1. Give just the number: which of (1) in contact (Cβ under 8 Å) with a residue 24 or more places away in the chain; (2) touching a helix residue (DSSP H, G or I) at 6+ places or on another chain (Cβ under 9 Å); (3) surrounded by fewer than 15 Cβ atoms within 10 Å (Cβ to Cβ) does residue 106 not satisfy?
2. Is there a residue in segment 6-25 that is surrounded by fewer than 16 Cβ atoms within 10 Å (Cβ to Cβ), over 30 Å from residue 220 (Cβ atoms), over 35 Å from the mean Cα position of the chain (by Cα) and not β-branched (Val, Ile, Thr)?
3. So, residue 367, is that one under 16 Å from residue 224 (Cα atoms) and either at pLDDT below 90 or within 26 Å of the chain's Cα centre (by Cα) (or both) or not?
4. Are any of the residues in segment 73-94 of a type in the set (Gly, Ala, Ser), assigned to a helix (DSSP H, G or I) and crowded, with 17+ Cβ neighbours inside 10 Å?
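The values are calculated or read from the model by the stated rules, or taken from the named source; none is laboratory data. Computed from a predicted structure; not experimentally measured. Heads up, the Cβs are rebuilt from the backbone with ideal geometry, glycines too, and the neighbour counts pull from every protein chain shown.
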Amino acid sequence: MKKLFKKLRTGIRMTGQFYQEEMKDILKDRGALLILSGAIIIYSLIYAYAYQTEVVREVETIVVDLDRSASSRQLIRMVDATEEVKIIRSVASMKEARDIFFEGGQVGGIVLIPSGFEKDLFGGVQADVAVYADGSYFLIYRQLLGAAVKSVGTFSAGVEIKRLLAEGKVDEQATAARDPLSADLHFWFNPSSGYGSFIMPGLILIILQQTLLIGIGMIGGTSKEKNRHSFQVPVALQRGGVFPLLFGKSLSYLTIYSINSVFAMVLLHHWFDYPNQGSYLDVMSLTLLFLLSVIFMGITVSVLFKNRESSILLMVFLSPIVLFLSGISWPAGSIPPLLYKAAHIFPSTIMVPAYLRIRDLGVDLANVRQEYLLLLGQTCFYFLTASLALYFETRHNRRQAEKEISV
């Protein structure tokens, strides 16, 4: 028992020593410190501030009114009154509107009211309104089309109700005849359909993961360039000695990213009013596993970098792929199954859907049990790979040192 306690005390002491050494290396390395501490703050604030308006409003639109009637002017006023569209100009021909659209670069689309619009409207003939929206920008296209459909629908309903009233029906009968089946729509979890509330919670996790992997890779590459930590070799090659080394390194990154996580997942959510339905205890439990799995993965991969620049190039290259395969920008169910399964080597692929269900939907850990167990298994797997990577790395360092001494 005494030997066990002695080994335990020694392991704790060595863990503390490796923790201090790793923290010193991080604090001395300005580039790594900027990535590990500053990047999450800078990126999160920039993205959150950029998406602060949540939805695209007042899309600049041109109107071509070929009818020039009271009805066409009323419809134009209704379109302009929506929050999605701002009528900036009315022109006399479609050619003139197209020239302005292609030259300006700021116009989101064109609304065309054909000649004979009012005549067809009151003559009982279906009247058409053409909407030309910029399909190269999905958000602009959606807003302009939605505003036009809403305005035309309301205008059409008003005309139809007036016709029914003229036939002798009362208000209730006319309304029921025009709209026999009404829809009562409710948008859960993101009532405003805001883009920031949709994209930022998941994007924060990607930023946490990628900056952490880059930072660990930079520290590992720099250590290899300068042949640091030669004192680690005799300790790490002892029986079980690699674990204090791994724990010490991991705790240093966990310390920094615990602070980063509080900023990104608590303060940022509060400042920009992102969905926050779940329990903080559940979020913390999930985040701890996520950070540990990313740290162990980073330590595993860091032994492959011979210089600090390699980690930056690799992780920057992987970042768009990780973002796409996480299921944020494109539904996971629409990603080819084989590709999506391969993406599970990244902790974010498991973490993002579970985290969003807790924060947005307000479920508890029991409802994300599968993802939690997957993260736990991933953490154990990368813990094993990180231990092996450090062990073989220290063996390699010892051989290199012996060769240099013999020479």
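1. (2)
2. Yes, segment 6-25 has at least one match.
3. Answer is no for this residue.
4. No, segment 73-94 has no match at all.
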